[in-house]
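Structure, as C-alpha cells:
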Amino acid sequence: MKATTIERIEDKLYQNRYLVDTGRPHITVRPHLSPSPNLLALTQICPAKCYEVNEIGQVAIVSDGCLECGTCRVLCEASGDIKWNYPRGGFGVLFKFG
Amino acid sequence: MTKSKFDAIVIGAGMSGNAAAYSMARRGLKVLQLERGEHSGSKNVQGAILYANMLEAIIPNFRDDAPLERHLVEQRFWLMDDSSHTGVHYRSDDFNELKPNRYTIIRAQFDKWFSSKVREAGGTVLCETTATKLARDRSGSVIGVYTDREGGVILADVVVLAEGVNGLLGTRAGLRDMPKPESVALAVKEMHFMPEEVIAERFGLTGGEGCVIEAGGTISRGMAGLGFLYTNKESISVGIGCLVSGLAESMENPYRLLDAFKQHPSIRPLLAGSEIKEYAAHLIPEGGFKAIPQLFGNGWVVVGDAAQLNNAVHREGSNLAMTSGLMAGEAIFQIKSRGGLMTKHNLSLYKGMLDKSFVMKDLMKHKDLPSLLHTDSHNFFMTYPTLISQAAQNFVRVDGAPKINREKATAASFINARSRWGLISDAVRSAVSWR
C-alpha cells in the first residue's frame, strides 16, 4: 500500500494482528430507541470504526477491529450507553510495533 | 500461585509498571507483574521517544542491549496551514554524544526488553492475564487482585496500579475518576516502513541519527491537537492526536485527520513510497497537574499514565511514567525494609519523592496551559497558524508591492482576526500559563 492513496479504515485494520475472542465481545451497547449524542459521536470518532448506525437508526458495535484505546469508554460508559471491559488475557489487538 | 502472598503486584507492563517491578525485584522483593498482552509491550502504544536519563537511573547500562532506533539530533516544530508550514528547527552535533540524550523506540520491542530485565531481576511476569478487580478487606484496604485466570484472589501487601490511561481497576474501585473527554487526547498512528538509506537521505541523517517533526495548526481543524513524525531505523511513526472532547463536538474522524496530515504537501514527500505495517490508537493524558488523582492509599499506589503523569506541553510521558514507577518501587522497598505496613500514611513517602522530583515540578509549572488550549483551541490551532503562514508568505514573496504595504496588511490581518484586545489577552494568558 502506498502512502499517497487515501485508505479505507478496513485496509488500515487489515495490517494489524488480532486474536478475536469469538462470541465474547468485550464492549456492548445498551439497547436503545434513539442514540444519545455521545453514542452517535462514536460512529464518527472511533478510530477503528467499530460503531455504526444500523438500518433502524440505532448504534451497534462490532468490536473485532477494536484498538482498545478507550475513547468510547471515556465518552459513553458513565451514562451507561455502553459496557466496557478489556478482552480476556491474550485476546484482542496484538501490536507488532505499538 | 494463589496460595503464596507477594510483596507487591504490579498491574501492567508499560514504562511505569516495568520500572516499578524492576526496581522492587532487583532489591529482592517478591514481585508479581500482570500483563494482559501475549508479551509485555503487545498492548502498548506510544510515538515513541525515550529519554535516556530516566531509564539510566533504573538500568545504567541499558544502551548495551536495549532495542533503540535512532538517537535524536534534530527537532522540528512546524506551524501548519493547509498548504504551508512555518518551522523552527533545532539541530546540533552536540547530540552526537557518547551517551545520547533521546532515542526513538518501538514500544512493543522496547517493553519486551524491559520486561526481560524484570525477569532477570527475579520478578514473576505473567502475560495473557487480565486483572479484573481489586480485592479489598473489610476496612477497604487493597489486599490483592482477581484475574481472568482460574484460582481466585492473588494476595499482596501492595498493588501498584500501572494500568495505563484507560485503567479499569482503579476507576472501578473508586480510587480515582475516569478520565474526562477534555483531559485525554486520542492519538492515531501508523508505522511506515522504508529503507534506512531513504530515511537518512530525506531527513539529512547519517549513521544512527534521528529527526523528529512535531506539527500544530489547521491539521487539527481547530481542535486542540498535534501531529508528529518520528524517524525510526527503517520506519517512520506518523500520527496525530486531538482531545476527545474536541473530536466528540466536531465529529471529526481521527483516521481521516491522519490521512489529511499524511497528504499535506509538507509531509507527503517524506512518506512517499512507504509500506504501512500497522495502525494503532491510544489515549494520552492531557489534563496535567489539575487532573492528577490521589496517588496512594491503604495497600495501593498509582503510577504513570493511570495517574495522569504526562507533560503534554513538552510531550513527555514515558519518562514521567518510568520515574514514578521507580519512586513507587523505592518507597515500597524502604517501607518494607524497615518493617512497615503498606498503609496510606506510609505510602505517602511515594508522593513525597514525586513532589521533590521534576515530575511534579514540571506539571505544576504548566498547570493552567491545558485549560487555556482547550477553551481557546480554535484561535491557537486555526486562526494563528493561518495568520502566521500569511505573514511569512507576505515577508518572503517578492512581487513589486512596497514592503510597508505588506507589513501593514500583515498587521491588519492579525487585528481583524483577533482584535487588538484579543491579541494582547491571548499573549498574556499564554505567558502566564507558561511561566
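The values are calculated or read from the model by the stated rules, or taken from the named source; none is laboratory data. In this text, all values refer to a predicted model and were calculated from it rather than measured experimentally. Note: ideal-geometry Cβ built from the backbone for every residue, glycine included; neighbour counts use all protein chains shown. Protein only, heavy atoms only, side chains kept; ligands, DNA and RNA dropped before computing areas. Shrake-Rupley method; radii C 1.70, N 1.55, O 1.52, S 1.80 Å.
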Along Cα→Cβ, 7 Å out, is where each label goes; now give me the distance between the ones at B:Val428 and B:Arg256 in nm to one decimal. 4.0
How far, in nm, would the chain grow between B:Leu341 and B:Glu234 when pulled straight, counting 0.36 nm per residue and subtracting the alpha carbon separation? 33.6 nm
Just to be sure I understand: if I project the alpha-carbon convex hull of chain B onto a plane and average over all orientations, what area do I get in nm²? 22.8
Can you give me the angle between helix B:107-120 and the longest principal axis of chain B, using Cα atoms only, in degrees from 0 to 90, rounded to the nearest 10? 30
Mind checking which lysines have their C-alpha under 21 Å from B:Lys117, skipping anything on the same chain fewer than 8 residues away? A:Lys96, B:Lys30, B:Lys43, B:Lys99
Using a probe radius of 1.4 Å on heavy atoms only, what accessible surface per residue do you get for chain A? Whole Å² is fine. 48
Expressed per residue, the solvent accessible area of region B:376-434 in Å² (1.4 Å probe) is about 64
With springs only between Cα atoms under 10 Å, which of A:Thr43, A:Thr71, A:Thr22 fluctuates most in a Gaussian network model of chain A? A:Thr22
Give the calculated FRET efficiency between A:Gln44 and B:Ser116 to the nearest 0.05, with a Förster radius of 41 Å applied to their Cβ-Cβ distance. 0.50
Most mobile listed residue (B:Ser42, B:Ser92, B:Ser389) in chain B, GNM with C-alpha springs under 10 Å: B:Ser92
Report, for chain B, the % of DSSP beta bridges that are antiparallel, rounded to 5. 70
Let me confirm the definition first: pairs of Lys residues in region B:323-372, 8 or more apart or on different chains, C-alpha distance under 26 Å. How many are there? 11
Once you put a point 7 Å from the Cα of B:Gln263 and another 7 Å from the Cα of A:Gln58, both along the Cβ direction, what distance in nm separates them? 3.6
Per principal axis, largest first, the Cα atoms of region B:272-395 extend in Å by 69, 39, 21
Tilt, helix B:403-434 to longest principal axis of chain B (alpha-carbon atoms), in degrees rounded to tens, equals 20
With chain B treated as a Gaussian network of Cα nodes joined by springs under 10 Å, which of B:Ala306, B:Ala411, B:Ala281 yields the largest mean-square fluctuation? B:Ala411
To two decimal places, what compactness ratio does the protein assembly as shown give when its Cα radius of gyration is scaled by 2.2 N^0.38 Å? 0.98
Relative to the first principal axis of the alpha-carbon coordinates of chain B, what is the inclination of helix B:15-25, with its axis defined by its Cα atoms, in degrees from 0 to 90 and to the nearest 10? 30
Give me the summed buried accessible area for the B-A pair, 1.4 Å probe, to the nearest 100 Å². 4300
antiparallel share of DSSP beta bridges within the protein assembly as shown, to nearest 5, in %, is 70
GluC sites (Glu not before Pro) within region B:124-171: which are DSSP loop residues with at most 16 other Cβ atoms inside 10 Å? B:Glu150
